[in-house]
């Protein structure tokens, strides 16, 4: 492989995607699929840190930013929820394995890993919000000795809407010093786990957590953050992710700003302490 | 200082056009903008040097619509081809000081260390800017209040400084690129005359402490007052020399397509509307506030300079006279 | 100070103090002598901002749409064109009359702010083109009225500019409009100020739908211009705001007037916005309508 000179590197147009190939499509829920993407040469398209983002596109349809939920030696995984009014996500969901797509990244800051080290962590997620948190959970599990107790609290509307079931019910509970709690919004036949909304369980399940990573629909974030504060977590250790409309992913096109921060560049991961100093415009 | 009589301007342009692509300010059917000199030669447009142009020369750096790459999507196959940049140097004649300052603002965004924009950089390298000092500011000009130097263009952007001596223009090289360009020109005179007199600007005010003051004004009722009459059209953003927000979209014919980047405006609903319907800036108030704060506070916080250069275009052209200078004066008090 | 201006202020004061209105929309003085610009007054203490001069051209009725979901009772000052716009908005069911108080103000025609901006200070400023051709300077609907009705200076529709274009051959017409729409920067100011362009979700704000590319060129721009002209056909009240706000000086009214002329020819003389009841040429159906095209 040719080694790029300094001037070559400078000339890389970050707005032009590389080609990726969809190697595998996994059905997570009726409206969430995970797409496993490699380069045509069978390599990993890029190496993301937990919480970082990738721009995923079908150039003839559109391009959108998604979190990278996992990666392996030769792939990255992106889990995508289909929105009825989302033109791109509808087409992505109709796609078959072997499809070539545009891919660029990694973008954004990712989770502040060092800050999580040595602490008992509570991960709080709802719906597709588990996708970014999962990248952090998997990182912690791969480097298990660097982190304290892992408590995962995850909720979905129904048992059919739960993503990453194999991780939730098979893989993660086997990891040492790890607890997984799953809840659904309403009682359902064939479900004997928790029933109720995620924020209600946090204090009860993880009263001694030292740091929290929260991601989910806006209402889950809104209700969970104050509970974590009540539990005595400092604002710096209450960590969440934000999502806004993005186009460029590299802090130039303008639209994802909250005050002087760009979510694509300075986020998507923010602490409660940072949010306290930002306009409430998200 | 080198000079040329205005009567011989055509010969200067002809020489420049021989060696470079040449863009000059023109009046095209009532719209003033930068356009190829050939338009003037063909009589399609008239050279316009009476004041600054409505559509700023940012078009020569960030065109209103620009192809980023071509693609072919054939079944499961996808091919992508990047676009070539400008291969010829391009002279922009008569860029005003405010607009050179504006390019410096764009540099902060498009030439940042982490994600440099090669399409922008290519134009930045290929453009040679002849910047003309304004002797007669318009009633809507306020560059002095925004800290600009009316005698000297922004040196990191302008390559040649131009002065208007009434019946002649004077030229002084600023950059090596500018010097090389001037050295190629023949038939220029030489003068040691002092700089032309500049009429004072009438729209003057103090901006000291503005970003700090605005920091505490996010919830101020002033936003209702200023946003009420806003139409949420894109006039201010599109004619502003520093507004640089863009959209990325397609033009497709069958299997082949072009990915475009086109100007966008924070005044438009689609700008921040998310799939699923969430709209963080739903109305006029949120949008006007974001635009003003981006100009006067957010950009300062990130880059330690204002994103308003005082060109006065929005003051002159806003259909409903939403006046950023009135706003600044009211905030400063 | 003109009598009308003092009466405007007194009326606004009375309406706000009595609580009959919570908001009064009028004009205030802007940056330049030729800028008279919309203002929203909520407090009787602020009524002295209101002005009435020869530059109060902007049609205020479109602002009524901003108040449909608020608790406000809104009073607006309205010239002839503003009242025709008001009627149009009522007819399009975008506003409701019981939330509004229309204070009619007869108008003698407004000067062109665009012309003023180009002229030296003190020069005689011509009347704006739309005002020159205005046939309804007096309010056609009002709850109150300030000032005396004026005698209209124009009684017939003036289509001479449209006829000049019609007389061109096809190539010349195409070249003319291409040249004009090359200038368009698609800022959508014409759409946003237009009282007939009042859709809640315009097709030009749905780029993903694929109706219109965001590419800027004469063809895409003309598609925008023509589509908009078709959409306001039969509803344009000739206030000329579209042309007034266009930063690129595209002669937008020329196309609107062509539609008005054709409607007059095909359906009989029609004046949009004079009434809120009765058939509207392009959105009214009768069984006896000819259907040659079916």
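Each value in this text was obtained by applying a stated rule to the coordinates, not by laboratory testing. Just so you know, these numbers come straight off a predicted model, no measurement behind them. Cβ atoms come from the backbone with ideal geometry, glycine included; neighbour counts cover every protein chain shown.
Summary of computed values
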{"item": "Rounded to 5, the percent of DSSP beta bridges in chain C classed as antiparallel", "result": "45"}
{"item": "Two-decimal Rg/Rh across the range C:1-68, once Rg and the Kirkwood Rh are taken from alpha-carbon atoms", "result": "0.96"}
{"item": "Sequence-separation-based contact order of chain B, relative, with Cα cut under 8 Å and 6+ spacing, percent", "result": "21"}
{"item": "Cα gyration tensor shape of the range B:139-205, rounded if a/c is under 1.5, else prolate or oblate by comparing a/b with b/c", "result": "oblate"}
{"item": "Shielding score for B:60-69, defined as the mean number of other chain Cβ atoms within 10 Å", "result": "3"}
{"item": "Relative contact order %, chain C, counting alpha carbon pairs below 8 Å whose residues are six or more apart", "result": "16"}
{"item": "Residue among A:259, A:267, A:127 with the largest mean-square fluctuation in a Gaussian network model of chain A, springs linking Cα atoms under 10 Å", "result": "A:259"}
{"item": "Selected from B:258, B:309, B:24 as most flexible by GNM, with chain B as the system and alpha-carbon contacts under 10 Å", "result": "B:258"}
{"item": "Packing-based ranking, highest mean first, of C:41-47, B:128-134, C:172-178 given that Cβ atoms within 10 Å are counted", "result": "B:128-134, C:41-47, C:172-178"}
{"item": "Shielding by partners, peptide B:305-316 (average Cβ within 10 angstrom, other chains)", "result": "1"}
{"item": "DSSP bridge pairs, chain A: antiparallel proportion in percent, nearest 5", "result": "60"}
{"item": "Length-normalised contact order of chain A in % [C-alpha pairs under 8 Å, at least 6 apart]", "result": "17"}
{"item": "Gaussian network model of chain C, Cα within-10 Å springs - most flexible of C:91, C:241, C:170", "result": "C:170"}
{"item": "Structure-based [θ]222 nm, chain C - -39500 (n - 2.57) summed over DSSP H runs of at least 4, per residue, nearest 500", "result": "-10000 deg cm²/dmol"}
{"item": "Taking A:114, A:235 and counting other C-beta atoms within 10 Å, the order from fewest to most", "result": "A:114, A:235"}
{"item": "Rounded to 10°, Cα long-axis angle of helix C:170-182 versus longest principal axis of chain C", "result": "40"}
{"item": "Share antiparallel - DSSP beta bridges, the protein assembly as shown, percent rounded to 5", "result": "65"}
{"item": "Chain B: calculated mean residue ellipticity at 222 nm from DSSP helix runs of at least 4, using -39500 (n - 2.57)", "result": "-7500 deg cm²/dmol"}
{"item": "Global form of the range C:6-136, assessed from the alpha-carbon gyration tensor, a/c cut-off 1.5", "result": "oblate"}
{"item": "Order of A:49, C:244 - criterion: other Cβ atoms within 10 Å of each residue's Cβ, fewest first", "result": "A:49, C:244"}
{"item": "Value of [θ]222 nm, deg cm²/dmol, for chain A, DSSP H segments ≥ 4, -39500 (n - 2.57) each, nearest 500", "result": "-5500 deg cm²/dmol"}
{"item": "Paired Rg and Dmax values of chain C, which use every Cα atom, in angstrom", "result": "19.8, 62"}
{"item": "Taking B:288, C:39 and counting other C-beta atoms within 10 Å, the order from fewest to most", "result": "C:39, B:288"}
{"item": "Average beta-carbon neighbours from other chains, 10 Å sphere, peptide C:30-41", "result": "5"}
{"item": "Cα gyration tensor shape of chain B, rounded if a/c is under 1.5, else prolate or oblate by comparing a/b with b/c", "result": "oblate"}
{"item": "Rounded to 10°, Cα long-axis angle of helix C:80-91 versus longest principal axis of chain C", "result": "70"}
{"item": "Cα-based helix-to-principal-axis angle, C:218-232 vs chain C, degrees rounded to 10", "result": "60"}
